[in-house]
Amino acid sequence: MPAKMTPEKMNEFLDEKHVGIIVTINNDGTPNPQPIWYMHRDGAFLMRTSVSSVKAKNIARDPRISICVQNETLPYGSVTAWGTASVSAKDDAALGREIAVRYLGEKSADRYMQLSAGSPETAEEITITLRPERTFSQDYTAEASA
């Protein structure tokens with residue numbers, strides 16, 4: 001049986017490099033899970049996406065979202081968070097670069113930012129912020145060492 005992560009362990013886990021799965025609600029009420037890069041800062045998840053993305057359109061219509069972050073190698077662990085997203089249309093290229101560096105490293109992030117700047121899909125981005133109203137965590141460390 002997995003243990004629940006302490007708040008400190010949860011913060012450490014979320015500060016590691018994991019791809020999150022954000023779930024928004026489609027127009028027909030079905031869930032729309034999609035992978036997303038994130039930053040975890042002061043208890044909030046910060047994510048960037050195109051203003052024209054399905055995620056952004058879904059959140060504009062219904063801001064209830066969740067994100068699941070998991071470790072796919074031993075010891076397994078996960079954090080799922082639910083809440084109401086807020087969206088900022090403020091140009092935040094610095095946050096976009098910070099997220100890219102987190103996932104790609106400095107050199108590759110610069111190249112990614114150059115390529116993204118020329119893409120119509122990322123021409124206008126928004127920042128999605130999720131301050132969780134509820135979380136659930138699983139820590140399989142004890143099981144992995146047994």
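The values are calculated or read from the model by the stated rules, or taken from the named source; none is laboratory data. Because the structure is predicted, anything quoted here is derived from the model rather than measured. Backbone-built Cβ (ideal geometry, glycine too); neighbour counts: all protein chains shown.
The table for this structure:
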| item | result |
| --- | --- |
| Pair list, Cβ < 7 Å and 6+ apart or interchain, from region 88-108 residues that are in a helix (DSSP H, G or I) to residues that are surrounded by fewer than 15 Cβ atoms within 10 Å (Cβ to Cβ) | Arg102/Lys17; Tyr103/Lys17 |
| Qualifying positions in region 125-146 - surrounded by 12 or more Cβ atoms within 10 Å (Cβ to Cβ), hydrophobic (A, V, I, L, M, F, W, C) and modelled with pLDDT under 95 | Ile126, Ala144 |
| Residue match in region 110-119 (condition: in contact with a strand residue (DSSP E or B) (Cβ under 9 Å, 6 or more places away or on another chain) and either closer than 30 Å to Ala60 by Cα or aromatic (Phe, Trp, Tyr) (or both)) | yes |
| Tally of residues being touching a strand residue (DSSP E or B) at 6+ places or on another chain (Cβ under 8 Å), surrounded by 14 or more Cβ atoms within 10 Å (Cβ to Cβ) and more than 18 Å from Arg131 (Cα to Cα) across region 71-107 | 7 |
| Out of Thr129, Thr80, sole residue that is among the polar types (S, T, N, Q), outside any helix (DSSP H, G or I) and under 18 Å from Arg48 (Cβ atoms) | Thr129 |
| Given (1) surrounded by 12 or more Cβ atoms within 10 Å (Cβ to Cβ); (2) closer than 17 Å to Glu133 by Cβ; (3) not aromatic (Phe, Trp, Tyr), number of the condition Asn11 does not satisfy | (2) |
| Hits in region 14-53 - residues which are assigned to a helix (DSSP H, G or I) and either crowded, with 17+ Cβ neighbours inside 10 Å or modelled with pLDDT under 95 (or both) | Leu14 |
| One residue from Ile59, Ile65 being at pLDDT 95 or above and either of a type in the set (Gly, Ala, Ser) or in contact with a Gly (Cβ under 8 Å, 6 or more places away or on another chain) (or both) | Ile65 |
| Residues of region 15-33 that turn out to be within 17 Å of Gly83 (Cβ to Cβ) and in contact (Cβ under 8 Å) with a residue 12 or more places away in the chain, as a count | 8 |
